[in-house]
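The values are calculated or read from the model by the stated rules, or taken from the named source; none is laboratory data. Everything quoted here is computed from the prediction, not taken from an experiment. Virtual Cβ from ideal backbone geometry, glycine too; neighbours counted across all protein chains shown. What goes into the accessible areas is simple: the full protein's heavy atoms, side chains included, and nothing from ligands, DNA or RNA. Shrake-Rupley method; radii C 1.70, N 1.55, O 1.52, S 1.80 Å.
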Amino acid sequence: MTDALPKTYDPVGTEARWQRAWESSGAFHPDPGAAGEPFSVVIPPPNVTGSLHMGHGFEAALIDAIVRFQRLRGRNVLCLPGTDHASIAVQTLLEKQLKAEGTSRHELGREAFLERAWQWKAHSEGTIKGQLRRLGYSLDWQRERFTLDEGCSAAVVEAFNRLHEQGLIYRGEYLVNWCPASGSAVSDLEVEMKEVDGHLWHFRYPLSDGPAANGRTHLEVATTRPETLLGDTAVAVNPADSRYADLVGRTLTLPLVGREIPIVADDHVDPEFGTGCVKVTPAHDPNDFAIGQRHDLPLITVMNRDGTMNEAAGRFAGLDRFEARQAVVAAMEAEGFLVRVEPHRHSVPFSDRGKVPVEPLLSTQWFVTAEPLAARCRDALDHPAGAAPRFVPERWEKVYRDWLTGIRDWCISRQLWWGHRIPAWFVVSETGGAITDSTPYVVARDEAEAMAKAEAQFGGGTHAHPVVLEQDPDVLDTWFSSGLWPFSTLGWPETGAADLQRWYPTSVLVTGFDIIFFWVARMTMMAGALVAEGGGDPAAWMPFRDVYIHGLVRDENNRKMSKSAGNGIDPLLLIERYGADALRFALVREVAGAGQDIRLDYDRKSDTSATVEAARNFANKLWNATRFALMNLGGETPASLGEPDATLLQQEGRPLQLADRWILSRLARVNGETAERYASYGLGEAAKGLYEFAWNEVCDWYLELSKRRLQVPAELEGPAREAALADQRSARQVLAKVLQELLVMLHPLMPHLSEELWHGLSGEPDATFLALQHWPQADDAALDEALEASFAELIEAIRVVRNLRAVAGLKPAQPAPVQFVTGRGELAALLQEATADITALTRAESVAVLSPDQLEVSRGGAGGQRRALAGVCGELQVLLPIEGLVDLDALRGRLEKDLAKAEKEIKGLAGRLANPNFADKAPPAVVAECRANLAEAEAQGELARKRLAELG
RNA sequence: GCGCGAUUAGCUCAGCGGUAGAGCGCCUGCCUUACAAGCAGGAUGUCGCUGGUUCGAACCCGGCAUCGCGCACCA
């Protein structure tokens, strides 16, 4: 960097340069053997379904801020990237493509289809990696993983085998959520309830053996799904319902089908709802399935897997389920069984991915027994040493715990091709070469092991035929492999793996609340079963110490940004316009507390964002502040200048001025606060604090105050020159130190800009990175609360002068005399010490600090100052004796405003003090403060009145 | 139905017991050699409604309303 820096910061070239430098030097590729306490994060692997949107950018900004901070703190940091194969999502996407091409996966065949899926993966992964790099994410690309890569796949096979050995995986025929669109079972979590305007059809089911004692000839049932009546195997009533007590045990004749079905009594039925009679279709409804089990009812499946009716549906066979609904209703009506139809709003389960209603369908699937795994996780939350994991914000712990309580078994098989093939082999030689529900199977690590197991069990002896195996064609739920992510990526099941030893458990998981069940809970459950190896302290096996839950990015209309909603914004669009640092800073700065959603304002017509633009302006501000420093440090660096010593005062030879001591105190305080905020996930607060410090304190005040000291007039000679040079040097030292430290503190949020400016300032070679420096030790000796308070008063005094000048309509360049009047000795001393600063910042012609007595004397003498412009702040009276230049009306207006303000304050404070309870019960300090404020306000009001009177 | 969150300046949001804040936008002056992506000054609020606790409530507690989210779900 040279002295001739451009006036505006150009992020695009700079960012690319540092991204290349960091990566090619292996800056973020840690050695497990290196020193430093380990700190590790595995990133939530994005799906290889295309590209990333702003939500990913937001998450990246948060994670990177955390890991970069920890790196600066000297930790041995690993931040491991990767992607997820997203079984259903990718397969759906590919099938859509194939359909558009007029073909299908079945026409292509499994092998060719998978070939294509891998091509797609390579394409999508390339896009995603490009995006992550452009964000400046400090990832270890050499450790990049993919859920379907060799190592992760081996981990999946091992996990499946171990869980099976532990008796936690079973195969069985149950009602599952069947998604006809993808042709696969899905888990409970992949089902979304949606409110739909439907109908409630009331039907009559006649008693088969004649009228009841009370003359009743039929029962009336209601349903939202008439097509399922073809599979009814009972009608249920509440056992306590006296209306039907005598009918329990008798039978009804199912219309259209003619089947005799029993009337059963079951607690599930709410006698208050409808007629109190419920048709029971155990093979097509989860509640009915449960009733069916209790009453040992037959299961009659009337649908095929593609959502059409099957042979059991008789004359309706072949119809789509929704066509069948119409047809059944029409037939019921024609045959006189339809009582009435009423509109009915109700919830319908939809498949998350397929966007069609799921069909509860009886099928044979693989399941994970969830309760024992969940129990271990619940215990970890109640561990005496503290909840594991620790949720930030805390409230999410309850959400996590509630889900783990009363958990249902997890259906893990999917009738898809893209994914981890289930490591189970059917011994088809036992069932005539075909896979049926009764075909025996073996679970194994590979085919050879499967064969050995199968031969031991089924070979030789009485079996004359050779053992023939066929691997289960299904794949596992994507979340099965995602559940292993924190340890499969580090080398598990190889427990001796160096990375696993060094970085497991990981330090923090950063993710959105929308996948606490899908992913967070699955990881903790998997770790409990696979890593814990028999329990123990959860701190040893829980895959992360903390879980930091962030909110979602919403668009300008407060809608969640997502690809499916079509409102996602490509982060690259904003990066190209404003720079990655600006985008990152804008996103993080929006975070309040934690876990709150953020709204990114964005104009889709112009692709602009006021929020990001403000962050870009901040970057430019820092750029220019550093540019100013480079122009004024005389070619020196922070290192060559050395540390300023805040404990030495001007008289003792090192001319540290008021402003120096003030900014060094502020710096030390901001350093401590910022470190604390970063460490406790207060990222938004850290960003806001640094923004305010950099802009409102360093740039607006310190930098302005340093200007007059950085220039030593050529005409100075002798001791005066010596003094000016010494003062210049200390201003240089302080300026250099403050800026350099500020850049380090900003680095986690704005890595490229800070890296660039830090190099410019420090003159360090390109190969030395700010990213790998140490967080500066806060100089606690520089902290001076009283000084900070005094300086705030000084700033206020200068503001009043500026305000008066503005009211008077003085041209900025026009000098004017300034008088301060105060009876407070230490305030007078402060103003006296800062005379040169005040002069510089207010264009003062002269600065006088007077006591009230002195003022009276001077006014009595000169006589011509009665119409001075006057203002007050605190106990300080500020006068601009510039009669003749002043607009009297403006002057009066200003004074009236002061007076009104003072009177309003007096009223409030006096009211409070007049309440006897206040003096009695409020803390003495508060009462004293109130009295002081009242006295001050009264003094202010008095002054204003007096000046107004003088104006006549 | 149960639970969670939100409701503060025109907009986006801080503040969470002691006299209401920021950024953007708006108004008025300034091209003052770090920055016009800037500088200086200014205006702007019955802090959703309603009870209560307290000397004192935007802040704590109870209701209500509106918006959003999660879980469960009666055919």
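Over chain A, with the other protein chains present, what is the accessible area per residue in square angstrom, probe 1.4 angstrom?
42 Å²
Take the Cβ-Cβ distance between A:Asp402 and A:Tyr174 as r, set R0 to 35 Å, and report the resulting FRET efficiency rounded to the nearest 0.05.
0.90
With respect to the cross-link table entries A:Lys904/A:Lys946; A:Lys901/A:Lys946; A:Lys560/A:Lys621; A:Lys99/A:Lys129; A:Lys355/A:Lys398, which display a Cα-Cα separation exceeding 24 Å?
A:Lys560/A:Lys621; A:Lys99/A:Lys129; A:Lys355/A:Lys398
Can you grab the distance from the C-alpha centre of region A:409-429 to the C-alpha centre of region A:75-123, Å, no decimals?
18 Å
Tell me the carbon and sulfur percent of the accessible area for region A:703-853, rounded to whole percent, probe radius 1.4 Å.
Its accessible area is 52 percent carbon and sulfur atoms.
Based on the Kirkwood radius over alpha-carbon pairs, what is the Stokes-Einstein translational diffusion coefficient of region A:1-49 at 20 °C with 1.002 mPa s viscosity, in µm²/s?
144 µm²/s
Dipole size in debye (nearest 20) for chain A around its Cα centre, Lys and Arg Cβ +1, Asp and Glu Cβ -1?
Value, rounded to 20: 2240 debye.
Among A:Ala60, A:Ser187, A:Val356, whose Cα projects farthest towards the positive end of the dipole of chain A, with charges put on the beta-carbon of Lys, Arg (+1) and Asp, Glu (-1)?
So the residue we want is A:Ala60.
Once you list every other residue whose beta carbon is under 13 Å from the beta carbon of A:Ile795, what net charge do they have if Lys and Arg are +1 and Asp and Glu are -1?
-4
Tell me, in nm to one decimal, what length is gained between A:Ala935 and A:Asp270 on full extension, where the rule is 0.36 nm per residue of separation less the Cα-Cα distance?
Full extension of this stretch gives 232.2 nm more.
With angles folded into 0 to 90 degrees, how steeply does helix A:371-381 sit against the dominant principal axis of chain A? Use alpha carbons for both and round to 10.
Here the helix axis deviates by roughly 20 degrees.
Apply the a/c threshold of 1.5 to the C-alpha gyration tensor of region A:425-471 and tell me whether it is rounded, prolate or oblate.
The shape class here is oblate.
How big, in percent, is the set of alpha carbon pairs in region A:105-237 lying more than 19 Å apart?
Percentage above 19 Å: 78.
How big is the antiparallel share of DSSP beta bridges in chain A, given as a percent to the nearest 5?
In chain A, DSSP labels about 70 percent of beta bridges as antiparallel.
Positive end of the dipole of region A:888-951, charges at C-beta (+1 Lys, Arg; -1 Asp, Glu), about the Cα centre: which of A:Ala937, A:Pro923, A:Gly911 has its Cα farthest in that direction?
A:Gly911
In debye, nearest 20: dipole of region A:269-342 around its Cα centre with unit charges on the Cβ of K, R (+) and D, E (-)?
120 debye
With labels modelled as points extended 7 Å from the Cα through the Cβ direction, what inter-label distance (nm, one decimal) is found for A:Glu692 paired with A:Asn624?
Roughly 2.3 nm, to one decimal.
Tell me the mean residue ellipticity at 222 nm calculated for chain A from its helices only (DSSP H runs of n ≥ 4, each -39500 (n - 2.57), averaged over every residue, nearest 500).
So the helix-based figure for chain A works out to -14000 deg cm²/dmol.
In region A:490-619, what percentage of the DSSP-assigned beta bridges are antiparallel, given to the nearest 5?
Bridges in region A:490-619 are about 20 percent antiparallel.
What are the ³J(HN,Hα) couplings of region A:197-208, residue after residue, when phi is run through the Karplus curve with 6.51, -1.76, 1.60 and θ = phi - 60°? Round to Hz, x for glycine and proline.
Whole-Hz 3J(HN,Hα) from phi for region A:197-208: 7, x, 9, 10, 9, 9, 10, 9, 10, x, 5, 6.
Based only on the alpha carbon positions, what is the Kirkwood hydrodynamic radius of chain A, in angstrom?
34.2 Å
Provide the per-residue ³J(HN,Hα) series for region A:285-297, in order, calculated from phi with Karplus coefficients 6.51, -1.76, 1.60 and θ = phi - 60°, each as a whole number of Hz, with x at glycine and proline positions.
7, x, 5, 5, 4, 5, 4, x, 5, 5, 10, 6, 8
For A:Val339 and A:Ala245 in the same chain, what is the full-extension length gain: residue separation times 0.36 nm, less their Cα-Cα distance, in nm?
In short, 31.5 nm is gained.
Before anything else, pin down the relative contact order of region A:788-881: Cα pairs under 8 Å, at least 6 apart, normalised by residue count, whole percent.
Contact order relative to length: 40 percent.
At what distance in nm do the modelled label points of A:Glu470 and A:Ala789 sit from each other, each positioned 7 Å from its Cα along Cα→Cβ?
Taking the two extended label points, one gets 8.5 nm.
Mind putting a number on the dipole of region A:888-951 about its Cα centre? Charges go on the C-beta only, +1 for Lys and Arg and -1 for Asp and Glu, and I need it in Debye to the nearest 20.
For this selection, approximately 120 debye.
Within the accessible area of region A:1-147, what % is carbon and sulfur when the probe is 1.4 Å and the other protein chains stay in place?
50 percent
Hey, got a sec? Which GluC sites (Glu not before Pro) in region A:700-780 land in a DSSP loop and have at most 12 other Cβ atoms within 10 Å?
The qualifying sites are A:Glu715, A:Glu717.
By how many nm would the segment from A:Glu115 to A:Glu717 grow when fully extended, if each residue of separation counts as 0.36 nm and the alpha-carbon distance is taken off?
Answer, rounded to one decimal: 208.5 nm.
Toward the positive end of the charge dipole of region A:725-857, about the Cα centre and with charges on Cβ (Lys, Arg +1; Asp, Glu -1), which of A:Leu827, A:Leu850, A:His747 goes farthest?
The listed residue farthest towards the positive side: A:Leu850.
On the Cα set of region A:179-360, report Rg and Dmax in Å, please.
Values for region A:179-360 (Cα only, Rg and Dmax): 16.2, 52 Å.
When the accessible area of region A:888-951 is computed with all protein chains present and a 1.4 Å probe, what percentage of it is carbon and sulfur?
57 percent
Could you please report the charge total around A:Arg321, scoring K, R as +1 and D, E as -1 over all other residues with beta-carbon less than 11 angstrom from its beta-carbon?
-3
Whole-Hz Karplus ³J(HN,Hα) for region A:308-319, in order, using 6.51 cos²θ - 1.76 cosθ + 1.60 and θ = phi - 60°, x for Gly and Pro?
With the stated coefficients, region A:308-319 comes to 9, 6, 9, 4, 5, 8, x, 5, 8, 3, x, 6 Hz.
List the residues, sorted by chain then number, that are 5 or more residues from A:Val872 or on another chain and whose placed amide H is less than 5 Å from its amide H.
A:Val878
Can you tell me which of A:272-280, A:781-789 comes out highest on packing, and rank the rest after it, using the mean Cβ neighbours within 10 Å?
With the highest mean Cβ count within 10 Å placed first, the list reads A:272-280, A:781-789.
Compute the Kirkwood hydrodynamic radius of region A:788-881, taking the inverse of the mean of 1/r over all pairs of distinct Cα atoms, and give it in Å to one decimal.
By the Kirkwood definition, the hydrodynamic radius is 13.3 Å.
A:His123: net charge of surrounding residues, Cβ under 15 Å, Lys/Arg +1, Asp/Glu -1, itself excluded?
Summing Lys/Arg as +1 and Asp/Glu as -1 gives +1.
Taking the 0 to 90 degree range and rounding to the nearest ten, how far is the long axis of helix A:610-632 tilted relative to the main principal axis of chain A, both from C-alpha atoms?
40 degrees
Mind pulling the angle between the C-alpha long axis of helix A:751-762 and the longest principal axis of chain A? Nearest 10 degrees, somewhere in 0 to 90.
30 degrees
At what distance in nm do the modelled label points of A:Leu573 and A:Asp10 sit from each other, each positioned 7 Å from its Cα along Cα→Cβ?
Distance between label points: 2.5 nm.
Among A:419-427, A:211-219, how do they line up by average Cβ neighbours within 10 Å per residue, starting with the highest?
Highest-to-lowest ranking by the protection proxy: A:419-427, A:211-219.
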